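Data first, discussion second: the structure below is written as structure tokens.
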Amino acid sequence: MPWPDQNLHRTGYPVPYTHESPAAVSTDAVALSVEKWGSISDKSGSAQVATWTLKGVNRNNSDASANSNALTLYWILTNETTTRTLKLYKDHAMANEVATGDSVGDGTITLVESNASGITGTVAVTYTADDTDIGNQLIISPRAVYAKITVDAQPIRYHVDNTVPTDTDGLYAAASSVIELMTSEEIMNFRMIRQGSADANVFIAYYE
């Protein structure tokens, strides 16, 4: 029987293509890595930014085109004295900030969520000039249509609709249990947190 996948309109059984293990789960809600379940393409052509990593991008906190499966984020880079600042936005008007980070001098900037977006990540910056062009677009293209998550020795709680779980709110997954995410939407919107007093680990396999 063919694997049903109404989201991407594919047929046939999904096959594994990469994994993410182990992923630590602590007291902060964790999303899955974009570069594992999809791909990140920087359309700016800028040599000032490189090696993007992102978590938590979904249709709620990005610019989702009605005519494609891709998600878009917009970035700007500024500098004051020696402090480089990078900001991510969900709209080309740069009105809705979703993540920000800074560093003294060049190097890797750690991005933290803005306005409870859930987006975190890193980017390597080599600054030469301020860049605030709306052409600075990150295109995130989903690839995975199915994911299997194996919980290690500690239980977790999770949601598949981008709701932030807590240790008392969310679907419960016991130690050694397996969570199956059946569509790219569930994968993009998955967030998890540890259930007890000890950090958990999960092992994730992605299928296309």
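Points to keep in mind about this one:
- Unmet requirement for residue 58, which otherwise passes all of (1) closer than 29 Å to residue 22 by Cα; (2) assigned to a strand (DSSP E or B): (2)
- Test for residue 199: is it farther than 20 Å from residue 55 by Cβ and more than 15 Å from the chain's Cα centre (by Cα): no
- Count - residues of the range 74-93 that are over 18 Å from residue 60 (Cβ atoms) and without any contact (Cβ under 8 Å) to a residue 60 or more places away in the chain: 11
- Residue list for the range 147-173, filter: out of contact with any helix residue (DSSP H, G or I) (no Cβ under 8 Å at 6 or more places or on another chain) and within 18 Å of residue 206 (Cα to Cα): 148, 149, 150, 151, 152, 158
- All of 125, 160, 178, 104 fail the test of being surrounded by fewer than 19 Cβ atoms within 10 Å (Cβ to Cβ) and in contact (Cβ under 8 Å) with a residue 24 or more places away in the chain, apart from 178.
- Tally, over the range 42-63, of residues that are out of contact with any helix residue (DSSP H, G or I) (no Cβ under 9 Å at 6 or more places or on another chain) and more than 21 Å from residue 96 (Cβ to Cβ): 6
- Whenever a residue of the range 130-154 is more than 13 Å from residue 34 (Cβ to Cβ), its partners that are acidic (Asp, Glu) and part of a strand (DSSP E or B), lying with C-beta atoms within less than 7 angstrom and at least six residues away or across chains, give the pairs 145/5; 148/180.
Computed from the coordinates by the stated procedures, all read-outs in this text should not be read as laboratory data. Note that this is a predicted model, so its numbers are computed, not measured. Cβ coordinates were reconstructed from backbone atoms using ideal geometry, including for glycine residues, and neighbour counts include every protein chain displayed.
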